[in-house]
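The values are calculated or read from the model by the stated rules, or taken from the named source; none is laboratory data. In this text the structure is predicted, and so the values were computed from the model without any measurement. Counting neighbours? That spans all protein chains shown, and the Cβs are built from the backbone with ideal geometry, glycine included. Areas reflect the complete protein model, heavy atoms only, side chains present, ligands, DNA and RNA absent. Shrake-Rupley method; radii C 1.70, N 1.55, O 1.52, S 1.80 Å.
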Amino acid sequence: MPDLAELLANNRRWAGQQTQRDPQFFERLCEIQMPDYLWIGCADSRVPANEIVGLAPGELFVHRNVANVVSPGDPNCEAVVQYAVEALSIKHIIVCGHYGCGGVRAVLGEPLQGAIDRWLEPVRYVRLAHAAELDSMPDVDARWRRLCELNVAAQVQSVSRIPYVREAWHRSKPLAIHGWIYDLRDGVLRDLRVGMSALAHAH
Ligand code: CO
C-alpha cells in the first residue's frame with residue numbers, strides 16, 4: 001500500500017500531466033463548474049464515480065455515503081441536491097448502487113452497533129418492505145444482490161421526495177432521476193430502469 005508521501009508525489013505528477021496536456025485546464029476549472037450530472041453513490045473505494053463513467057474533473061457533481069442512502073431529512077444529501085438543482089441546474093441525478101455492497105449486506109445479518117446501524121435504517125426498511133420476495137430466494141448471495149437493486153429503487157424514490165426536486169418539477173425544469181447498479185466483478189454499470197422524470201411525475 002502506498003504511503004502518504006507517495007500520494008503527494010502522485011498528485012504532483014498528476015497536476016503536471018494535466019497542465020502539460022492542457023495548459024488552461026486548472027484555469028478553466030477555477031472559473032466555473034458546470035457539471036451535467038449529480039452522482040449519488042456508495043462510499044466504497046471500489047466504485048470511483050468519475051473513473052467508471054469516464055468523466056473529468058468538473059463534469060460530475062458527487063455525493064457518496066455508505067450504501068448510497070438518501071435518508072429523509074439528511075442535511076448533507078439535501079444540501080447537495082439543492083445546490084445541484086438550484087445553482088448548477090443539473091438535469092440528471094444518478095443514484096448508483098453496487099453489487100457486493102457491505103452496507104446492504106449488513107442489514108441481512110445481525111444488527112450492528114452505533115452510527116452505522118442508525119445510518120442503515122432506510123436500507124433495513126427496504127428489506128422489510130420486500131421481505132416476501134427476499135425470503136423466497138434460494139441463498140443469501142441472491143438475496144444480497146436483489147436487495148442491492150431494491151435499495152437503488154428505494155433511494156430513487158427518496159430523491160423524488162426531496163422538496164428541491166419537487167420544486168424543480170413543479171416549475172417544469174428538466175430533471176430526471178436514474179437508478180443504476182455497478183457490478184464489481186466486471187466493472188459494468190446497468191440501468192435498473194427505476195428512474196423518474198418530470199414527465200412521469202406529471203402523469
Ligand atoms: Co457499498
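Ordering HIS92, HIS170 by accessible area with a probe of 1.4 Å, largest first, what comes out? Present the calculation step by step, with values, prior to reporting the outcome.
Numbers: HIS92 65, HIS170 150 Å².
Final ranking, largest accessible area leading: HIS170, HIS92.
Note that region 89-147, at 37 °C in a medium of 0.692 mPa s, gets a Stokes-Einstein diffusion coefficient of 259 µm²/s from its Kirkwood radius over C-alpha pairs. Taken along the Cα-to-beta-carbon direction at a fixed 7 Å, the label points for ARG28 and GLU6 span 3.2 nm.
Within the chain, the percentage of alpha carbon pairs spaced more than 26 angstrom apart rounds to 41%.
Taking ARG171, ARG124, ARG146 in turn, the Gaussian network model of the chain (Cα-Cα springs below 10 Å) assigns the largest fluctuation to ARG171. With Cα atoms as the point set, the radius of gyration and Dmax of region 1-73 evaluate to 15.0, 45 Å.
Sequence-ordered 3J(HN,Hα) estimates for region 36-51 from the Karplus curve with 6.51, -1.76 and 1.60 and θ = phi - 60° stand at 8, 10, 10, 9, 10, x, 7, 6, 3, 5, 8, 10, x, 3, 3, 4 Hz, glycine and proline given as x. Applying 1/(1 + (r/R0)^6) with r as the Cβ-Cβ distance of ALA132 and SER89 and R0 = 25 angstrom yields a FRET efficiency of 0.05. SER45 sits with roughly 100 Å² accessible to a 1.4 Å probe, with DNA, RNA and ligands left out of the calculation.
Rounded to the nearest Hz, the phi-derived 3J(HN,Hα) couplings of region 11-16 under the Karplus curve 6.51 cos²θ - 1.76 cosθ + 1.60 (θ = phi - 60°) are 4, 4, 5, 4, 4, x, where x marks glycine and proline.
What's the Kirkwood radius of region 34-91 in Å, using all Cα pairs? Show your work: numbers first, answer last.
Numbers: mean 1/r = 0.0844 Å⁻¹.
Radius from the Kirkwood sum: 11.9 Å.
Computed from backbone phi, the HN-Hα couplings of region 128-133 come to 5, 5, 10, 4, 4, 5 Hz, rounded to whole numbers (Karplus: 6.51 cos²θ - 1.76 cosθ + 1.60, θ = phi - 60°; Gly and Pro given as x). Considering the dipole of the chain built from charges on the beta carbon (Lys and Arg +1, Asp and Glu -1) around the Cα centre, which of ALA67, LEU38, LEU120 is farthest to its positive end? Positive-most Cα among the choices belongs to LEU38. Placing a label point 7 Å from the Cα of LEU108 along the Cα-to-Cβ direction, the residues of region 173-197 whose backbone N falls under 16 Å of that point are 182-185.
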